[in-house]
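Visitor: The structure under discussion is supplied below as structure tokens; questions concerning it will follow.
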Amino acid sequence: MNGAQDLSLFSMIMCGILLLVPLLGVWYLKLDIARNLLVSTLRMAVQLILVGFFLQFVFRYNNWLLNLVWFLTMIAVAAFSVIKNSNLKLHHFVGPVSLSFILSNFFVVLYFNYFIVNLNFILDAKYMIAIGGMVLGNSLRANIVGLGDFYQSIRKDEQLYFYKLSLGATRFEALLHFAKKSFLAAMNPTIANMTTMGIVSLPGMMTGQILGGSVPLVAIKYQIAIMIAILASTVLSISLCLFFTVGKSFDKYGILHKTIFRNNP
Amino acid sequence: MLQDFSFDIQPGDKVIVSGRSGIGKTTLFRLLLGFEKPDNGAIYFENQMLDETTVWKLRRRVAYVSQDLNIGRGNLQAFFNETLSIKANLQYKNDSLNGLNGLLDYFNLPETLLQKNIEELSGGERQRVAIINALLLKRTIFFLDEITSALDKSLKSKVLDYFLLNPDFTVLSISHDNYLPANATIKTLKLD
């Protein structure tokens, strides 16, 4: 495989000049985000440079323990991000959400590496971190929708939840309606994305592989496999997240603790 | 709200809860169903104190019709099926579904309504659907929270007759209606 063509310093300067387009747009429309735009771009660049150096190091040594620690770090950051963006309290959810992410993502990534790619060393940095990152990133987005929607809709529709309890439903039976709704909300974007894939957008993984020198037919096989892996990890992680968090979030009477929300009214 | 307050209900009693709005009539039902907990005092159901275990038993023995008509969405037949698919109600499923058309008829609802979605129903239709759903549970203790507020006069009396004249039913009802069946024995619980 020949890797993608390297970008020289001159290339990166030209890239910086391209940044003038959004900046001019912002200036012309008098949008109050110029500072934010610059700070975010700078932050992204610094973050990526640091990660780039670190990954160079990780890939060179390709040590199973180091790979594992880095993947766990990625999972921890994802779990924090899900809880924060779902408007839920960190200390209440960090344990169960991290555990769900660890179980679901490890299962999917190791399955992928062993049964699909047939790696001898299933903790290989290149596969574990790249594939893991894609799977994790997508299930993170789905969980922000799924977990957030689940608890917010019980709070919003509490009368309906109580009504189901009053009909004699167990807590599990009463929550099933809300869980189904959250699953749909979480999975719909991935399913919609799959139906237009390749026609409307060329997925990041395929783009990366083609630039990296793979022939399109190989890239496509990986893309199909990764989409299925993303679906599997999404369903697994949301199920586990709900399963592990529900016990702590309701009292023995089946009433939702309002203290689990960050903006507790 | 609800201080220095005590009452008891015997099987077969028909009790009307009255009092000005905001006094805590609905809160009383929420306390009885364990959706809220009293700061002090205790509630007993069939000689057992209501706690985290007995509350689940009570919810399987009592049929509650809320004044809030947020009862769900989607097809009405599926809604009734879902109620009867709850594990606690499963034993009555066939029997209750057989009696469904009779109940629809009694409460002046057409059978074609079953094909509609709950979102399409009027307030009055939804209120009767909630009543029928409670009756499908085959329970004999009823907590009824203003269940005739969206009904016209003739339907109001029909609904109240159904509950207040049945000797097997134990009823605790919040109601602002002046109508009461002439030959019913009614107790009043006035909150003030």
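Derivation of every value follows stated rules applied to the coordinates shown; laboratory data play no part. Please read all numbers here as calculations on a predicted model, not as lab measurements. All Cβ positions, glycine included, derive from the backbone under ideal geometry; neighbour counts span all protein chains shown.
Visitor: For residue A:197, which sequence-distant residues (separation of 5 or more, or a different chain) have an amide H within less than 5 Å of its own amide H, given hydrogens modelled in the peptide plane?
Guide: none
Visitor: Something else: Per residue of the range A:99-108, in order, report the coupling 6.51 cos²θ - 1.76 cosθ + 1.60 (Karplus, θ = phi - 60°) as ³J(HN,Hα) in whole Hz, putting x for Gly and Pro.
Guide: Once θ is set to phi - 60°, the couplings for the range A:99-108 become 4, 4, 5, 5, 4, 5, 6, 5, 4, 5 Hz.
Visitor: Still on this structure, please answer the following. Mind checking the dipole of the protein assembly as shown: about its Cα centre, +1 per Lys or Arg Cβ, -1 per Asp or Glu Cβ, Debye to the nearest 20? Don't jump to the answer; show the numbers that get you there.
Guide: Values: 41 positive and 31 negative charges, 153 e Å.
For the protein assembly as shown, the charge dipole is close to 740 debye.
Visitor: Could you pull out every residue, at least 5 positions away or on a different chain, whose amide H is within less than 5 Å of the one on residue B:45? Hs are placed 1.01 Å off N in the peptide plane, and Pro or chain starts have none.
Guide: Hits under the 5 Å cutoff: B:50.
Visitor: By a straight-distance test (C-alpha under 19 Å), which aspartates and glutamates pair with residue B:153 as possible cross-link partners, with residues fewer than eight away in the same chain excluded?
Guide: Those aspartates and glutamates meeting the cut-off are B:105, B:125, B:145, B:161, B:177.
Visitor: Which shape class applies to the range A:17-170: rounded if a/c is under 1.5, otherwise prolate when a/b exceeds b/c and oblate if not, where a ≥ b ≥ c are the square roots of the Cα gyration tensor eigenvalues?
Guide: oblate
Visitor: Mean projection of the alpha-carbon convex hull of the protein assembly as shown over all orientations, in nm²?
Guide: 30.4
Visitor: Across bins of 10 angstrom width beginning at 0, how are the C-alpha pair distances of the range A:1-61 distributed, in whole percent?
Guide: Spelled out bin by bin, the range A:1-61 gives 18, 37, 29, 13, 3 percent.
Visitor: While we're on this one: Label chain A by shape, choosing from rounded, prolate and oblate, from the square roots a ≥ b ≥ c of the eigenvalues of the Cα gyration tensor; if a/c is under 1.5 it is rounded, and otherwise prolate applies when a/b is larger than b/c, oblate when it is not. The partial results should precede the final answer.
Guide: Working: a/c = 2.02, a/b = 1.48, b/c = 1.37.
Prolate shape, in that a/c is at least 1.5 and a/b is the bigger ratio.
Visitor: Next question. On a 0 to 90 degree scale, rounded to 10, what angle separates helix A:64-85 from the longest Cα axis of chain A?
Guide: Once rounded, one gets 50 degrees.
Visitor: For Cα pairs less than 8 Å apart in space and 6+ apart in sequence, what is the mean separation divided by the residue count of the range A:116-258, i.e. the relative contact order in percent?
Guide: Once divided by the residue count of the range A:116-258, the mean separation gives 35 percent.
Visitor: Any chance you could give the angle, 0 to 90 degrees and rounded to 10, that helix B:76-85 forms with the longest Cα principal axis of chain B?
Guide: Relative to chain B, helix B:76-85 is tipped by roughly 50 degrees.
Visitor: Just subtract the alpha-carbon distance of residue A:197 and residue A:116 from 0.36 nm times their residue separation and send over the number in nm, one decimal. Walk me through the numbers before you get to the answer.
Guide: Details: separation 81, 0.36 × 81 = 29.16 nm, distance 2.09 nm.
Result: 27.1 nm gained on full extension.
Visitor: For residue B:174, enumerate residues with amide H under 5 Å from its amide H, sequence gap 5+ or separate chain, H modeled in the peptide plane.
Guide: Excluding prolines and chain starts, which carry no amide H, the hits are B:17, B:144, B:145, B:146.
Visitor: Between residue A:47 and residue B:184, what is the label-point separation in nm under the 7 Å Cα-to-beta-carbon projection?
Guide: About 6.5 nm, to one decimal.
Visitor: Also, quick follow-up: Please find the FRET efficiency linking residue A:225 to residue A:99, where r is the Cβ-Cβ separation and R0 is fixed at 22 Å, and quote it to the nearest 0.05.
Guide: Working: r = 26 Å, r/R0 = 1.18.
The formula returns an efficiency of 0.25 here.
Visitor: Can you grab the distance from the C-alpha centre of the range A:98-174 to the C-alpha centre of the range A:38-88, Å, no decimals?
Guide: 19
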